[in-house]
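K.L.:
Here you go, one structure.
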Amino acid sequence: MATKKWVIDPAHSEIQFKVKHLVISTVSGSFDEFTGEATTSEDSFEGGEIAVHIKAASINTNNAQRDGHLRSADFFDADNHNEITIKTTAIKQVSADDYTITADFTMRGVTKQVDFKAEYGGKATDGYGNTKIGLEVTGKINRKDFGLNWNAVVEGGGLTVSEEVKLIAHLQFIQQ
């Protein structure tokens, strides 16, 4: 079976997250620096491989004070754990454009298996003759599974930050 090699096009890709704050609203953020590569068969992601490397210190929630706290030992401990990695262990096609992805997710030195849903966006050739494919990936993690334990109890007994974090990646790959 012939394979194709791809790399993430960072100018046309995003890695985002959403987490509940005070249980009443959602805070969104992203990572500004990441790389990644994929290997696929000629016509499908099934059985392929994807690896994504995210620079933890590149977290961006549009609030400098919050971003500094998130980089600290209370959360990402970016000085000691500078990279978040996601490496697929299985990719299965469930319909024409839908996939389930199982991956080893490593953050703060802890690796856990995480399941994601993915939707294939299609294939196109850009104005420079580069072949590109798109993939939207969604999933959830429990941040405490990775040692991101900081929290504060607020009046009424609620917590400041939810344990569940939603992950969203809009990835565009360039064929090599």
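Only the coordinates and a few stated rules stand behind these numbers; no lab work does. Quick caveat: nothing in here was measured; it's all calculated off a predicted structure. Note that each Cβ is placed from the backbone with ideal geometry, even for glycine, and that neighbours are counted across all protein chains shown.
K.L.:
Pop a pseudo-label 7 angstrom from the Cα along the beta-carbon direction at both Glu49 and Lys92 and give the gap in nm to one decimal.
P.N.:
Result for the modelled spin labels: 2.1 nm.
K.L.:
For a protection proxy built on the mean count of beta-carbon atoms within 10 angstrom, sort 58-65, 46-53 highest first, please.
P.N.:
Top to bottom by mean Cβ count within 10 Å: 46-53, 58-65.
K.L.:
Kindly write out, for the stretch 34-45 in residue order, the coupling ³J(HN,Hα) from the Karplus curve 6.51 cos²θ - 1.76 cosθ + 1.60 (θ = phi - 60°), rounded to whole Hz, with x marking Gly and Pro.
P.N.:
Ordered by residue, 3J(HN,Hα) equals 7, 9, x, 9, 9, 10, 10, 6, 4, 10, 7, 7 Hz.
K.L.:
Right, next: Let me know the charge dipole size of the stretch 3-175 about its Cα centre in debye, to the nearest 20, where only the beta-carbon of Lys, Arg (+1) and Asp, Glu (-1) is charged.
P.N.:
Details: 18 positive and 25 negative charges, 51 e Å.
That gives a dipole near 240 debye.
K.L.:
Shifting gears a bit: Relative contact order for the chain: what percent, with Cα pairs under 8 Å and sequence separation of 6 or more?
P.N.:
26
K.L.:
Follow-up question, since we're still on this one. Could you line up His81, His170 from fewest to most neighbouring Cβ atoms inside 10 Å?
P.N.:
The most exposed by this proxy come first: His170, His81.
K.L.:
Between Asp32 and Ala73, what is the spin-label point distance in nm, taking each point 7 Å from the Cα along the Cα→C-beta axis?
P.N.:
Placing both labels 7 Å beyond Cα along the Cβ direction yields 2.6 nm.
K.L.:
Given (i) 57, 31, 29; (ii) 49, 38, 37; (iii) 57, 36, 28 as candidate values of Cα extents along the principal axes in Å, which corresponds to the one derived from the coordinates?
P.N.:
Computed from the coordinates, Cα extents along the principal axes in Å corresponds to (i).
K.L.:
Also, I was wondering about something else. Return the calculated 222 nm mean residue ellipticity for the chain, to the nearest 500 deg cm²/dmol, obtained by summing -39500 (n - 2.57) across DSSP H runs with n ≥ 4 and dividing by the residue count.
P.N.:
-1000 deg cm²/dmol
K.L.:
Sticking with this one: Full-extension gain between Lys18 and Asn63, please, as 0.36 nm times their residue separation minus the C-alpha to C-alpha distance.
P.N.:
Numbers: separation 45, 0.36 × 45 = 16.20 nm, distance 1.45 nm.
Taking Lys18 through Asn63 to full extension adds about 14.8 nm, to one decimal.
K.L.:
I would also like to ask the following. Would you be so kind as to identify which of Ile54, Val110, Gly147 lies farthest towards the positive end of the dipole of the chain, taking Lys and Arg as +1 and Asp and Glu as -1 on Cβ and the Cα centre as origin?
P.N.:
It is Gly147, whose Cα lies furthest towards the positive end.
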